[in-house]
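Structure first, commentary second.
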Amino acid sequence: MPASIRDVYVVDAVRTPIGKFGGALSGVRPDDLAAHVVRELVGRSPELDPARIDDVYFGDANGAGEDNRDVARMAVLLAGLPVTVPGVTVNRLCGSGLEAVIQAARAIALGDASVAVAGGVESMSRAPWVLQKPERAFPAGHQQLHSTTLGWRMTNPAMPAEWTVALGEGAEQVADKHKIGRAEQDAFALASHHKAAAAWAAGHYDAEVVPYEGVAMLRDECIREASTIETLARLKPVFRTEGTGTVTAGNSSPLNDGAAALLLVDDAGLRATGREPLARIRASAVTGVEPQLFGLGPVEAVGRALDKAGRTFADLTVFELNEAFAAQSLGCLAEWPELDPAVVNPRGGALALGHPLGASGARLAGAVAHQLAAAGSGTGIAALCIGVGQGLALVLER
């Protein structure tokens, strides 16, 4: 065991523009998306010998298609890094990208690594249908294909039915719990789009977004700055259609494609890069909740992470909360009355930018690091709700 815990720094963070389902990035394999951000990230630190990278951690929620067989290692090879650089893929569903960052940071803090790349990738457009093997040879009847794009499939019958509801129904239950109406959800979603459009127009994403060569998409594809409350109000509820539903396509995060990556180092690794870090990783926490109330997963995780860091909501400069659903985000905010909502997702959130499952956590961590660097000092937190009932949070400082 090391004599002391090492400081862990975020030197840089990049991401692709986020593509919509069937959109501009749908023709790009997920392992190529992952390789792209790894290559771009390492290339932005030319003084660093790539052979010094001790490991590459990548989050990936599905892993059923072209992202199979350890997409992190595939990214290493496709990016042209030395074959001596290993790679490991981790899965905590929507939190996978942030989990990768946390695991990489933990390895550096304990002295198992000095330099690591951490990130995440998802192509929901290219997620395949899968066919289970029959229980006996030569079945005569029809067989069922399962989509691996999102949500429950091939569910274990031992799971209680109330745990395995659709993600959108879970968001409806959070809305019920906190009495969050349709109008409030639509207003939150509209604000996300307007903040994202304004951030892009102001150049706030220029430092972190690395477009994919050959794809004519320079910014996130799902931003709808022309949307209005009236257009959102015309959308029909998706998960409850009998008149009580509030969750629509307009106040839910879309299906997306994208990748993100961060360069993490200790003091020796920092000297090897010759760069000033964006931020330092301070603490993390993970918690579990009832699966159907997954949207409230961040509530306790954020509290625990802040306690570990010796910080409170009053100390936060920025809070990047993944917007899986407007109802879910508003439900979390309702349980944090002491949090200033102005620090939450100031450059827009997943309702506008998108939510490529395995990449989102890494995007959030990178966004916090870049915003802290722009501010010059402060404390930030990245947090996500996670399907099947978990919450994950990471505290960064500068």
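The values are calculated or read from the model by the stated rules, or taken from the named source; none is laboratory data. From a predicted model like this one, the values you see are computed outputs, not experimental measurements. A quick note on method: Cβ atoms are made from the backbone with ideal geometry, for glycine too, and the neighbour counts reach across all protein chains shown. Note: areas computed on protein heavy atoms with side chains; ligands, DNA, RNA excluded. Shrake-Rupley method; radii C 1.70, N 1.55, O 1.52, S 1.80 Å.
Assorted remarks:
- Scanning residues 5 or more positions from residue 94 or on other chains, those with amide H under 5 Å from its amide H are 387, with H placed 1.01 Å from N in the peptide plane.
- Take 228-236, 273-281 and order them by the average number of nearby Cβ atoms within 10 Å per residue, most first; the result is 273-281, 228-236.
- Applying 1/(1 + (r/R0)^6) with r as the Cβ-Cβ distance of residue 147 and residue 228 and R0 = 41 angstrom yields a FRET efficiency of 0.80.
- Theoretical FRET efficiency, 1/(1+(r/R0)^6), r = Cβ-Cβ of residue 110 and residue 201, R0 45 Å, to 0.05: 0.60
- Accessible area (Å², per residue) of region 253-382, counting only protein heavy atoms and a probe of 1.4 Å: 28
- Computed magnitude of the charge dipole of the chain (debye, nearest 20; Cβ of K, R +1, Cβ of D, E -1): 320
- Using just its DSSP H runs of length 4 or more, each adding -39500 (n - 2.57), the chain gives a mean residue ellipticity at 222 nm of -9500 deg cm²/dmol after division by all residues.
- Highest to lowest packing among 176-187, 255-266, scored as the average C-beta count within 10 Å: 255-266, 176-187
- Carbon/sulfur fraction of accessible area - region 171-326, other protein chains in place, 1.4 Å, %: 54
- Cα gyration tensor category, rounded, prolate or oblate, for region 179-258 with a/c compared to 1.5: prolate
- When the square roots of the Cα gyration tensor eigenvalues are ordered a ≥ b ≥ c, the ratio a/c for region 169-208 is 1.5 or more and a/b exceeds b/c, which makes its shape prolate.
- In the chain, lysine pairs with alpha-carbon atoms under 22 angstrom apart (chain gap of 8 or more, or interchain): 4
- Using θ = phi - 60° and Karplus 6.51 cos²θ - 1.76 cosθ + 1.60, couplings along region 243-252 (whole Hz; Gly, Pro as x): x, 9, x, 10, 8, 10, 5, x, 10, 10
- Qualifying GluC sites (Glu not before Pro) in region 267-371, where qualification requires a DSSP coil assignment and no more than 16 other C-beta atoms within 10 Å, comprise 335, 338.
- Mean separation of Cα contacts under 8 Å (6+ apart) over length of region 1-145, as relative contact order %: 29
- Protein accessible area in region 5-151, 1.4 Å probe - carbon and sulfur %: 51
- The peptide list 244-250, 204-210, 95-101, 122-128, put in order of mean Cβ contacts within 10 Å with the highest first, becomes 95-101, 122-128, 244-250, 204-210.
- Estimated dipole of region 84-233 in Debye, rounded to 20 [Cβ of Lys and Arg +1, of Asp and Glu -1, Cα centre]: 440
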